[in-house]
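Notes follow once the structure below has been shown.
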Protein chains: 2
Amino acid sequence: MTTPALKIRISFGSQVAMGPGKADLLEAIDAFGSISAAAKQMKMSYRRAWELVDVMNKCFAEPLVHSSPGGAHGGGAHLTEFGRTILKSYRDLIVKSQLAAQAELTKISAALK
Amino acid sequence: MTTPALKIRISFGSQVAMGPGKADLLEAIDAFGSISAAAKQMKMSYRRAWELVDVMNKCFAEPLVHSSPGGAHGGGAHLTEFGRTILKSYRDLIVKSQLAAQAELTKISAALK
DNA sequence: TATCGCTATATTCAAATAGGAATAGCGATA
DNA sequence: TATCGCTATTCCTATTTGAATATAGCGATA
């Protein structure tokens with residue numbers, strides 16, 4: 001066994017509405033106040049980060065991220081209350097799932113190379 | 001909300017050791033006794049099915065699928081006891097996770113378009 | 001020992017995806 | 001009103017992925 005991990009996503013049609021990467025991105029946006037700074041910290045292109053945000057905003061009934069194209073220091077982006085709630089629900093979901101699946105995950109992990 | 005679903009995979013380094021598609025494939029191989037028949041039923045190419053099996057066999061300490069290139073009716077493939085055990089563990093893991101995550105999944109699903 | 005169907009693998013081509021660079025636009029603030 | 005940094009979008013290229021095809025090899029069994 002080496003690096004096994006549960007990866008839990010919420011698929012929505014052909015898209016992923018929420019997953020580990022998107023959740024991390026939301027947290028980074030919350031921490032840095034902009035998509036571009038979050039992207040840099042996560043070592044992905046601004047383009048990719050923007051796309052992930054766009055997918056999320058379009059999957060959900062309301063945007064999770066609100067962004068301002070201009071203003072002080074170029075504007076920025078922040079989580080909406082809605083976004084914060086979804087993020088928390090997802091994180092809770094992950095914790096509960098992992099906990100419930102621990103025994104099986106341990107078994108499977110032990111069987112990996 | 002339309003078609004939200006939890007997708008749970010077990011990642012192993014850069015590869016996916018087990019996931020929904022691989023588990024379904026294992027079941028199809030178990031049911032049909034060959035990779036080729038399983039592939040046909042799942043509407044994927046033999047090549048792709050073989051690759052998925054190959055990844056699984058290489059991620060785990062023992063092969064999950066044993067295959068015979070020749071013999072009656074061309075041989076075939078079947079699950080090893082090891083493979084059957086892993087498959088069951090994974091299916092159990094999914095059930096337990098889904099159950100534990102139900103409340104949060106319902107909340108998030110209701111927030112989707 | 002010839003047949004048959006499946007495994008195993010290489011090659012080629014098309015398609016989807018990811019990444020990089022370039023650029024326009026925006027608005028608070030100095 | 002000029003500046004600045006970030007958002008938003010386009011275009012092009014490179015890489016990855018997937019499908020289709022072709023072919024060799026295998027061994028039970030008839």
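Counting only protein heavy atoms and a 1.4 Å probe, tell me what percentage of chain A's accessible area is made up of carbon and sulfur.
Numbers: 3330 of 5950 Å².
Looking at chain A in its full context, I get 56 percent from C and S.
Nearest 10 degrees is fine. How inclined is helix A:46-59 to the longest principal axis of chain A, computing both from alpha carbons?
80
With the dipole of segment A:19-111 worked out from charges on the C-beta (+1 for Lys and Arg, -1 for Asp and Glu) around the Cα centre, which of A:Val55, A:His66, A:Ala101 lies farthest toward the positive end?
Of the candidates, A:Ala101 comes out farthest on the positive side.
Against the longest principal axis of chain A, how steep is helix A:20-32, in degrees 0 to 90 to the nearest 10, with axes from Cα atoms?
The angle comes out at about 40 degrees.
Only helical DSSP H runs with n ≥ 4 go in: add -39500 (n - 2.57) per run for chain A, normalise by residue count and round the 222 nm mean residue ellipticity to 500 deg cm²/dmol.
Working: 4 runs with 65 residues, N = 113.
Result for chain A, helices only: -19000 deg cm²/dmol.
Provide a list, ordered by number, of residues in segment B:76-103 showing at least 20 Å² less accessible area with every protein chain present than when their chain is taken on its own, using a 1.4 Å probe.
So the qualifying set is B:Ile86, B:Ser89, B:Leu93, B:Lys96, B:Ser97, B:Ala100, B:Ala101.
Would you mind giving the average projected area, over all directions, of the Cα convex hull of the protein assembly as shown in nm² with one decimal? Intermediate values should be presented prior to the final figure.
Values: hull surface 54.6 nm².
Approximately 13.6 nm², given one-decimal rounding.
Per residue, how many Å² of accessible area does segment A:19-111 show with a 1.4 Å probe? Before the final figure, lay out each step's value.
Values: 4920 Å² over 93 residues.
In whole numbers, segment A:19-111 has 53 Å² accessible per residue.
Any idea what the relative contact order of segment A:19-111 is, in percent, if you count C-alpha pairs under 8 Å spaced at least 6 apart?
Values: 81 pairs, mean separation 21.2, N = 93.
The value is 23 percent.
Chain pair A, B: how much accessible area is buried, both chains summed, with a 1.4 Å probe, in Å² to 100?
On the way: alone 7520 and 7540 Å², together 11910 Å².
Interface area, both chains combined: 3200 Å², rounded to the nearest 100.
Tilt of helix A:81-111 relative to the longest C-alpha principal axis of chain A, in degrees (0 to 90, nearest 10)?
It is inclined by approximately 20 degrees.
Could you order A:Glu62, B:Glu51 by accessible surface area, starting with the largest, using a probe radius of 1.4 Å? Mind dumping the intermediate values first?
Values: A:Glu62 95, B:Glu51 70 Å².
The most accessible residue leads, giving A:Glu62, B:Glu51.
Taking every alpha carbon pair in segment A:5-48, what does the distance histogram look like in 10 angstrom bins from 0, in percent?
Going out from 0 Å in 10 Å bins, segment A:5-48 shows 27, 46, 26, 0 percent.
Protein chains only, probe 1.4 Å: how do B:Lys22, A:Lys43 rank by accessible area, largest first? Each step should come with its number before you reach the end.
Numbers: B:Lys22 25, A:Lys43 190 Å².
My answer, sorted largest first, is A:Lys43, B:Lys22.
Who wins for biggest fluctuation among B:Ser67, B:Ser14, B:Ser97 in a Gaussian network model of chain B, springs between alpha carbons below 10 Å?
Result for chain B, Cα springs under 10 Å: B:Ser14 fluctuates most.
What does the accessible area of B:Val55 come to, in Å² to the nearest 10, when a probe of 1.4 Å is used?
The accessible area comes out at roughly 40 Å².
Once each part is reduced to its C-alpha centroid, what is the distance from segment B:77-113 to segment A:65-113 in angstrom?
Cα centroid of segment B:77-113 versus Cα centroid of segment A:65-113: 19 Å apart.
Give, in whole angstrom and from largest to smallest, the semi-axes √(5λ) of the equivalent ellipsoid of chain B, with λ running over the eigenvalues of the Cα gyration tensor.
Numbers: eigenvalues 187, 48, 30 Å².
Values for chain B, descending: 31, 15, 12 Å.
The values are calculated or read from the model by the stated rules, or taken from the named source; none is laboratory data. If you're wondering where the values come from, they're calculated on a predicted model, not measured in any experiment. All Cβ positions, glycine included, derive from the backbone under ideal geometry; neighbour counts span all protein chains shown. All accessible areas refer to the heavy atoms of the entire protein, side chains included, with ligands and DNA or RNA removed. Shrake-Rupley method; radii C 1.70, N 1.55, O 1.52, S 1.80 Å.
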